[in-house]
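In what follows, a single structure is set out as structure tokens and then discussed.
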Amino acid sequence: MNAREQLDAHGVEATPRRLAVLEGLAAFPHAPTAPELLEEVRKTVHLDKVTLYRTLDLLVEAGIVGRHPGGDGLLRYCLVHEETRPFHAHFYCTRCRRMSCLPATSTIPPRPEGLAEGMTAERVEVRFDGICNHCGDAPSSGSDSQSGSTTPARRPDTHGAPRP
Ligand SMILES: [Zn+2]
Ligand SMILES: [Zn+2]
């Protein structure tokens, strides 16, 4: 499903900005923060910060985009794909601060015990914090130019977004 079909399916009008936000989001292999996303989206349309946040709010409300806090407290955004529906957990790397979506689990966490009568749990947030395979494998001294291709170099920041 492309961005336009996704908006149509949720009864949201497909404006150029909404399309650009969804396409920008799809360009990331991880779940970006709003500033990261803004930088990406600005490659195609002019968008200010306030409009981005408004657009994201609308897409989250519509159930097209998920909004999840990382281990640093900053919110990350990700597409709610068919494959990650209705529930998926996240992995947050405490070194590079990247948060990635994990594949959907077939089991939704059970209703929590000890809920008082009248309390209803509607959603659950699961995040694993740790060291990602990229940071874990990173050699501290150079000289691995000959290393194999076990870690796919799917880094979105080859164009712009310099990172220490
Ligand atoms: Zn990492
Ligand atoms: Zn996600």
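The values are calculated or read from the model by the stated rules, or taken from the named source; none is laboratory data. Worth saying up front: this structure is predicted, and the values here are computed from it rather than measured. Note: ideal-geometry Cβ built from the backbone for every residue, glycine included; neighbour counts use all protein chains shown. The protein model used for the area step is the full one, side chains on, heavy atoms only, and it has no ligands, DNA or RNA in it. Shrake-Rupley method; radii C 1.70, N 1.55, O 1.52, S 1.80 Å.
Summary of values
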item	result
Number of the exception - Cys96 against (1) in a loop (DSSP other than H, G, I, E, B); (2) over 21 Å from Arg127 (Cα atoms); (3) open to solvent by 20 Å² or more (accessible area, probe 1.4 Å)	(2)
Residue count, the range 33-69 (criterion: without any contact (Cβ under 8 Å) to a residue 60 or more places away in the chain and within 16 Å of ligand 1 (Cβ to nearest atom))	1
The lone exception for Thr51 - which of (1) among the polar types (S, T, N, Q); (2) more than 20 Å from Ile131 (Cβ to Cβ); (3) in contact with a strand residue (DSSP E or B) (Cβ under 7 Å, 6 or more places away or on another chain) it fails	(3)
Residues of the range 90-115 classified as at pLDDT 90 or above and of a type in the set (Gly, Ala, Ser), total	1
Filter result for Arg42 (in contact with a Cys (Cβ under 9 Å, 6 or more places away or on another chain) and at negative phi)	no
Members of the range 3-20 that are open to solvent by 90 Å² or more (accessible area, probe 1.4 Å) and in a helix (DSSP H, G or I)	Arg4, Glu5, Asp8, Pro16, Arg17
Matching residues, the range 89-135, being free of Cβ contacts under 8 Å to residues at least 40 places away in the same chain and small (Gly, Ala, Ser)	Ala89, Ala104, Ser106, Gly114, Ala116, Gly118, Ala121, Gly130
Residue list for the range 44-73, filter: outside any helix (DSSP H, G or I) and within 14 Å of ligand 2 (Cβ to nearest atom)	Gly63, Ile64, Val65, Gly66, Arg67, His68, Pro69, Gly70
